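**Student:** Here it is, the structure in full.
All of the numbers you see were taken from the coordinates with simple rules; none came from a lab. As the structure is a prediction and not an experimental result, all values here were calculated from the model. All Cβ positions, glycine included, derive from the backbone under ideal geometry; neighbour counts span all protein chains shown.
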Amino acid sequence: MNKLLEIAQLGQPILRNSALRVDHIDQDTTKLIENMKYTVGKVNGVGLAAPQVFHSKRIFIIASKPSSRYPNAPLMKPEVVINPVIKKMSSQIIKDWEGCLSIPGIRGFVPRSESIEVEYMNISGDTISNIFEGFLARIFLHEYDHIEGIVFLDRVESSKDLITENEFQKMVLSK
Ligand SMILES: [Zn+2]
């Protein structure tokens with residue numbers, strides 16, 4: 001049975017720590033990943049990092065799909081990312097809106113690289129090389145920040161680039 005995991009909210013110290021590398025994908029890790037996948041789907045997230053569910057591990061899920069929180073998100077099969085390394089980041093920077101399950105009610109207009117080249121381990125323990133662009137690169141970088149103890153509020157250029165979820169929804173719906 002999958003379990004809906006509790007999500008750490010801003011102020012919880014685990015969100016500000018650098019997470020630990022995963023040495024073996026043991027049964028506990030597999031179970032954690034299954035529950036993370038289940039949880040991110042249930043709460044309309046597009047990504048979830050292990051520190052957000054109180055586990056200091058370098059693991060995150062990218063699970064982009066259109067939802068009320070992210071109407072324009074591309075649909076993909078959820079990808080499990082373990083011990084990621086960012087090999088290259090494009091110098092082209094794009095600003096777009098982000099939210100975070102750990103920071104409900106706030107959206108930020110966050111600058112990120114348009115494309116990234118990364119390496120990570122998947123749930124089978126295989127090393128994967130991948131290139132992500134656009135919104136998927138944005139999710140990857142947002143989740144990578146979580147395993148480094150960084151949140152999107154740290155990335156905005158100005159506090160004027162922060163708005164409430166209500167205003168964000170009005171803006172999206174008015175388009
Ligand atoms: Zn987040």
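**Student:** Return the sequence-ordered ³J(HN,Hα) values of the stretch 161-166 in whole Hz as given by the Karplus equation 6.51 cos²θ - 1.76 cosθ + 1.60 applied to θ = phi - 60°, using x for Gly and Pro.
**Tutor:** Result, rounded to whole Hz: 8, 10, 9, 7, 4, 4.
**Student:** Put +1 on the Cβ of every Lys and Arg and -1 on every Asp and Glu Cβ in the chain; which of GLN92, PRO51, LEU75 then has its Cα farthest towards the positive end of the dipole?
**Tutor:** LEU75
**Student:** Starting from the Cα-Cα distance between ASP96 and THR127, subtract it from 0.36 nm times their residue separation and give me the gain in nm to one decimal.
**Tutor:** Length gained between ASP96 and THR127: 8.2 nm.
**Student:** Quick one: 3J(HN,Hα) in Hz for the stretch 13-18, Karplus 6.51/-1.76/1.60 with θ = phi - 60°, rounded, Gly and Pro as x.
**Tutor:** Per-residue couplings from phi come out as x, 4, 6, 10, 9, 6 Hz.
**Student:** For the stretch 13-173, what is the relative contact order in percent, using Cα pairs closer than 8 Å and at least 6 residues apart in sequence?
**Tutor:** For the stretch 13-173, the relative contact order is 24 percent.
**Student:** Sorted by mean Cβ packing within 10 Å, highest first, what order do the peptides 19-31, 100-112 take? The partial results should precede the final answer.
**Tutor:** Working: 19-31: 12.8, 100-112: 18.9.
The packing order, highest mean first, is 100-112, 19-31.
**Student:** Shifting gears a bit: How large are Rg and Dmax for the chain when calculated on the C-alpha trace, in angstrom?
**Tutor:** Final numbers for Rg and Dmax: 15.4, 48 Å.
**Student:** Sticking with this structure for a sec: Whole-Hz ³J(HN,Hα) for each residue in the stretch 75-80, computed from phi via Karplus 6.51 cos²θ - 1.76 cosθ + 1.60 with θ = phi - 60°, x for glycine and proline: what do you get?
**Tutor:** Result, rounded to whole Hz: 8, 8, 6, x, 10, 8.
**Student:** Quick check: convex hull of the Cα atoms in the stretch 52-150, volume per residue, rounded to a whole Å³?
**Tutor:** 103
**Student:** While we're on this one: Where in the stretch 117-151 is the amide nitrogen less than 20 Å from a point lying 7 Å along the Cα-to-Cβ axis of THR30?
**Tutor:** Counting only backbone N, you get 121-128.
**Student:** Specify which residue in the list ILE150, ALA63, SER115 is farthest towards the positive end of the charge dipole of the stretch 13-173, using unit charges on the beta carbon of Lys, Arg (+1) and Asp, Glu (-1), about the Cα centre.
**Tutor:** It is ALA63.
**Student:** Compute log10 of I(q)/I(0) for the stretch 22-109 with the Debye formula, placing one identical point scatterer on every Cα and leaving out solvent, at q = 0.18, 0.26 Å⁻¹, to two decimals.
**Tutor:** -0.91, -1.39
**Student:** Report the charge-dipole magnitude of the chain in Debye, nearest 20, computed about the Cα centre from +1 at each Lys and Arg Cβ and -1 at each Asp and Glu Cβ.
**Tutor:** 380
**Student:** Residue separation times 0.36 nm, minus the C-alpha to C-alpha distance between LEU153 and ASN166: what's the value? Working shown, then result.
**Tutor:** Details: separation 13, 0.36 × 13 = 4.68 nm, distance 1.76 nm.
That works out to 2.9 nm of additional length.
**Student:** Separate question: In the chain, what percentage of the DSSP-assigned beta bridges are antiparallel, given to the nearest 5?
**Tutor:** Values: 28 of 29 bridges.
The antiparallel proportion sits near 95 percent.
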